[in-house]
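Down below is the structure, laid out as C-alpha cells.
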C-alpha cells in the first residue's frame, strides 16, 4: 500500500522511522466516523440473523449519539492501494512511499482497515460478519454484546465518504483517550499512544497526533498502577522518546510527476 506525502513528510517517515497519525477531527473528510450516526435507516429489524447484533443496533438507535464524541480520541494515517495516482499526487504531495502492509500491522491496538464507501457497502460487510461461525464460540451474553458493539465500531472506522472512492484508501487507525473515563482503572489506558501537538497548515493552530513506529522487543514494564492521568501521560511521552525503533517496512519511494515536470520546465527555460 502507498502513502502520498510531501518532501518533509517523507523525510520524517524515513529519518525518524515513524508515521504521524492525525486526530480524525482534523481530516479532509468531515464525515469521518459519523456514518452510522447519520444512517439510522441503513438496516431493517429483519436483516439480522444474530440476536446480539440486532439488539446492539436497537441500543445504538436509542443512544442516538453513537460516535458523537469519537473524533476526539481517534487517530489515523491514510494509505492507498493505488500507485502513481495523479489525483493523489496533486492532493497530498510529490512523494509516494510503498509499504509492506502485513509487516506494518503489528502494533498492539493499532488496526489496519480497507475503506468502504457507501451505505450498501457497509450494510453488506456487516451482515456478512454477523453470520460468521465464530459467534458460536462466545460463551456468554456479555461476550456477545461486546462482539456486537465491536462489529459496529469497526464498521464506522471503515467508512469513507464515497467522493473519495478513487483513492482506494487503507487506513491505520487507533484510539488514544484525551481524557480518562474511568479514573479507577488506569491500566485501561496503558497501551494508548502518547498524544503530541503540531501546527496545522490549514487551521493555523496546534492539532493532536500520535506517533506510530515499530519498536524493538523489550520485556521492560514501567507501569505505575497508582499514577494519575497526567503522570501516566508524561511518563509515556518520555518513554516513547527513548525507545529504539525498527525500520519501517518501506518497499519503495516514488517521486511524483508534478515535481519532475516543474524541474524539467525550469531546466528548459534556463537553457533557452
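The values are calculated or read from the model by the stated rules, or taken from the named source; none is laboratory data. Small disclaimer: the values here were computed from a predicted structure and weren't measured. No Cβ is skipped: glycine too gets one built from the backbone with ideal geometry, and neighbour counts run over all protein chains shown.
Counting only residues that are in a loop (DSSP other than H, G, I, E, B), touching a helix residue (DSSP H, G or I) at 6+ places or on another chain (Cβ under 8 Å) and touching a residue at least 24 places away in the same chain (Cβ under 8 Å), which one in region 161-192 is surrounded by the most Cβ atoms within 10 Å (Cβ to Cβ)?
Step one: filter region 161-192 for residues in a loop (DSSP other than H, G, I, E, B), giving 161, 168, 176-185, 190-192.
From what is left, the residues that are touching a helix residue (DSSP H, G or I) at 6+ places or on another chain (Cβ under 8 Å) are 177-180, 182-183, 190, 192.
After this cut, where a residue has to be touching a residue at least 24 places away in the same chain (Cβ under 8 Å) as well, the list is 177-180, 183, 190, 192.
Details: 177: 15, 178: 12, 179: 9, 180: 16, 183: 9, 190: 14, 192: 20.
Residue satisfying both the conditions and the ranking: 192.
Being modelled with pLDDT of 85 or more, out of contact with any helix residue (DSSP H, G or I) (no Cβ under 7 Å at 6 or more places or on another chain) and over 22 Å from residue 101 (Cα atoms) is the filter here, so list the residues in region 206-226 that pass it.
Across region 206-226, the qualifying residues are 206, 208.
Considering only residues of region 57-101 that are part of a helix (DSSP H, G or I), under 22 Å from residue 150 (Cβ atoms) and out of contact with any strand residue (DSSP E or B) (no Cβ under 8 Å at 6 or more places or on another chain), which is modelled with the lowest pLDDT?
Looking only at region 57-101, we keep the residues that are part of a helix (DSSP H, G or I), and these are 57-63, 70-72, 86-92, 101.
Now narrow it down to the ones that are under 22 Å from residue 150 (Cβ atoms): 57-63, 70-72, 101.
Okay, now just the ones that are also out of contact with any strand residue (DSSP E or B) (no Cβ under 8 Å at 6 or more places or on another chain), so 57-63, 70.
Working: 57: 89, 58: 86, 59: 85, 60: 80, 61: 77, 62: 75, 63: 70, 70: 59.
Step by step, filter region 57-101, then rank; the result is 70.
Which of the residues that make up region 80-110 are exposed (fewer than 15 other Cβ atoms within 10 Å of the Cβ) and more than 14 Å from residue 1 (Cβ to Cβ)?
The answer is 86, 87, 90, 91, 106, 108, 109.
Taking the condition of being assigned to a loop (DSSP other than H, G, I, E, B) and either more than 19 Å from residue 146 (Cβ to Cβ) or at pLDDT below 85 (or both), how many residues in region 28-56 meet it? Explain how you work it out, then say what you get.
Step one: list which residues in region 28-56 are assigned to a loop (DSSP other than H, G, I, E, B), which gives 28-44, 48-50.
Keeping just the survivors that are either more than 19 Å from residue 146 (Cβ to Cβ) or at pLDDT below 85 (or both) gives 28-44.
Residues in region 28-56 being assigned to a loop (DSSP other than H, G, I, E, B) and either more than 19 Å from residue 146 (Cβ to Cβ) or at pLDDT below 85 (or both): 17 in total.
Here is a check on your reading of the model: is residue 149 part of a helix (DSSP H, G or I), touching a helix residue (DSSP H, G or I) at 6+ places or on another chain (Cβ under 9 Å) and under 20 Å from residue 72 (Cβ atoms)?
On the way: part of a helix (DSSP H, G or I): yes; touching a helix residue (DSSP H, G or I) at 6+ places or on another chain (Cβ under 9 Å): yes; under 20 Å from residue 72 (Cβ atoms): yes.
Spelling it out, residue 149 is indeed part of a helix (DSSP H, G or I), touching a helix residue (DSSP H, G or I) at 6+ places or on another chain (Cβ under 9 Å) and under 20 Å from residue 72 (Cβ atoms).
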